[in-house]
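I have placed the structure first, in the form of structure tokens, so that the comments after it can refer back to it.
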Amino acid sequence: MHQQKRQPELVEGNLPVFVFPTELIFYADDQSTHKQVLTLYNPYEFALKFKVLCTTPNKYVVVDAAGAVKPQCCVDIVIRHRDVRSCHYGVIDKFRLQVSEQSQRKALGRKEVVATLLPSAKEQQKEEEEKRIKEHLTESLFFEQSLQPENRAVSSGPSLLTVFLGVVCIAALMLPTLGDVESLVPLYLHLSVNQKLVAAYILGLLTMAILRT
């Protein structure tokens, strides 16, 4: 009865396969990385058979390429790289893990794991560090360029308010002084000496501010 209950779930090719890691990286200058371990997990309530296939079997040695995993257990699969040559640097190989129920031959699920040989772990770390530095510099330049238009707008010249105040002060100095009877300008536009002194003082401050910018 239990077998009939779970049998509909055992559709060919649809059973999830849990493997860690999903990527293997071998470094030519580090012999400790020439041996990698894949862990196959079986979270199900029935035993699984497994088989490990590879696109380039001549480059690798797979210890226990076929076997079984008990229910809710795991097994370690050892993979050794045996052809560490420069012509293989950067080439992506693939391992495929196929699982099936012990009483059946059809593959219930499969999972691919990629494998890559790199020349040096130090060079890889150096490249990653250089990449991070370039990204940091790019971000810095982006923010600097984003701030430049605003800075230019602030320092490009005097503001409209400064110019307006300067024009008002100049106009005030050009108006006639109180007591000037010969002027054609209306009397209410005549300014006192103190008012003209204030206008001249403000104009001087504005001139200094403009020269500093």
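The values are calculated or read from the model by the stated rules, or taken from the named source; none is laboratory data. Quick caveat: nothing in here was measured; it's all calculated off a predicted structure. For neighbour counting, all protein chains shown are included, and Cβ atoms are generated from backbone atoms with ideal geometry for every residue, glycine included. The protein model used for the area step is the full one, side chains on, heavy atoms only, and it has no ligands, DNA or RNA in it. Shrake-Rupley method; radii C 1.70, N 1.55, O 1.52, S 1.80 Å.
Return the total of residues in segment 70-126 being under 17 Å from Ala47 (Cα atoms) and of a type in the set (Ser, Thr, Tyr).
The qualifying residues number 2.
Which members of segment 67-82 meet the condition of being more than 23 Å from His34 (Cβ to Cβ) and either open to solvent by less than 40 Å² (accessible area, probe 1.4 Å) or outside the structural domain of Gln104 (by the TED database) (or both)?
Val69
For residues that are over 11 Å from Thr56 (Cβ atoms) and of a type in the set (D, E, K, R), scanning just segment 83-98, find the one that is least open to solvent (accessible area, probe 1.4 Å).
Arg96
Out of segment 51-61, which residues are under 15 Å from Leu97 (Cβ atoms) and open to solvent by 20 Å² or more (accessible area, probe 1.4 Å)?
Lys51, Leu53, Cys54, Thr55, Pro57
Pairs only if they're at least six apart or on different chains, beta carbon under 9 angstrom, first in segment 116-136 and farther than 22 Å from Asp29 by Cα and in the same structural domain as Val84 (by the TED database), second at pLDDT 80 or above and surrounded by 10 or more Cβ atoms within 10 Å (Cβ to Cβ); list them, first residue then second.
Within 9 Å, no pair qualifies.
Within segment 117-138, can you find the residues that are in a helix (DSSP H, G or I), within 18 Å of Arg85 (Cβ to Cβ) and at pLDDT 75 or above?
The answer is Ala121, and nothing else.
Give me the strands (runs of 3 or more DSSP E) completely within segment 14-66, filtered to those with at least 2 residues that are assigned by the TED database to the domain that holds Arg82 and more than 23 Å from Val91 (Cα to Cα), ordered by residue number.
35-42, 48-54
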